[in-house]
1. Which shape class applies to the stretch 119-212: rounded if a/c is under 1.5, otherwise prolate when a/b exceeds b/c and oblate if not, where a ≥ b ≥ c are the square roots of the Cα gyration tensor eigenvalues?
2. Can you grab the distance from the C-alpha centre of the stretch 1-46 to the C-alpha centre of the stretch 332-365, Å, no decimals?
3. What is the angle, in °, between the Cα long axis of helix 252-286 and the longest principal axis of the Cα atoms in the chain? Nearest 10 is fine, range 0 to 90.
4. For the modelled label position 7 Å from the Cα of residue 29 along Cα-to-Cβ, which residues of the stretch 74-103 have backbone nitrogen atoms closer than 15 Å?
5. Taking R0 as 45 Å, what FRET efficiency do you get between residue 73 and residue 300 from their Cβ-Cβ distance, rounded to the nearest 0.05?
6. Roughly how many Å is it from the Cα centre of the stretch 107-139 to that of the stretch 165-235, as a whole number?
7. Using 0.36 nm per residue, how much length does the chain from residue 384 to residue 133 gain when fully extended, once their Cα-Cα distance is taken away?
8. Under the Kirkwood approximation applied to all pairs of distinct alpha-carbon atoms, what is the hydrodynamic radius of the stretch 6-129 in Å?
């Protein structure tokens, strides 16, 4: 039987209390502030108030693993110990930012901690760790199948003491947020390299750099994920200094692989929290509504859906915990089979669970009166984010065949 560390258990208790006192009571206020914000992508005063409370409570940067704990006074938890914390945060979609544990900032901070030069770290990392600014990871492109990252076409060309970027990107999360100050951009700097995984580089592009244009916010199933948002971006002769490259020319794919493994698991952790909350709401709902002379909870089909959902959440949670334990033992690269198994299974399973829970809420389940419709959207786009289902199935299938074919 798995057991979390004492530190993790203390954080879990603190986090649950914080959610009860500060997050759940403010869900309506958050939506009101967002609706009345001067722009969809402005920072909300409530978020700043809650972030200050979270820092004061020591619930800050909890995602940082022990190997990177020198960068912060907070965190220091293994992937296994962090999983239940991310699950708790996943019960309210916007609240991970309260604890400075939201994507894509967590992954981007890890990129700076692992791959940036001391000068790059000094310029950007303290403000990110303090939650004073946000960041954006710019990888996916509209004109190519970006599920194969070697397809990306944005050009990164050296010109004297500068890199020149030209191309178009989209679904860049956080791009629209007014506090996003730094964009990590992946493109091709050596398209003729015979090794397709050495063609890419990643460079840092500060907000306001001439030639970088936020063309439009994008939606997923109608949600614009404000105030963070996703965007389509054009790079038209964008120039940045040579020192803005990360790790070195031709190492962009390596950075992407190192960044995305933990991020995939963080999404899975949060999704389980959304599924668990949906199930709890459904159980309350079915005991308070009646059809055909009896409560919904007395209908056989409803009980079956509740039972299946409970079992699937338990399976998903155990798969995530086993994957996290494996990552802690051997690292993300060696645990890629378990990470892929989680990424394949958890989002679609959670999507199905939330769909059932929406159904017992009738038409209300489709509205913003409940959190489930937006949580369903999150689960659905997680099946595309950080690599679509099919790519992970291909990679995992190959691994499994090779493991047992000999």
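Derivation of every value follows stated rules applied to the coordinates shown; laboratory data play no part. These figures come from a predicted structure and were not determined experimentally. Note: ideal-geometry Cβ built from the backbone for every residue, glycine included; neighbour counts use all protein chains shown.
1. Taking the square roots of the gyration eigenvalues as a ≥ b ≥ c, the stretch 119-212 is prolate.
2. Rounded to whole Å, the Cα centres lie 22 Å apart.
3. The angle comes out at about 20 degrees.
4. Flagged as within label range: 95, 98.
5. So the FRET efficiency works out to roughly 0.25.
6. For the stretch 107-139 versus the stretch 165-235, the Cα centre distance is 16 Å.
7. Result for the pair: 87.7 nm of gain on full extension.
8. 15.3
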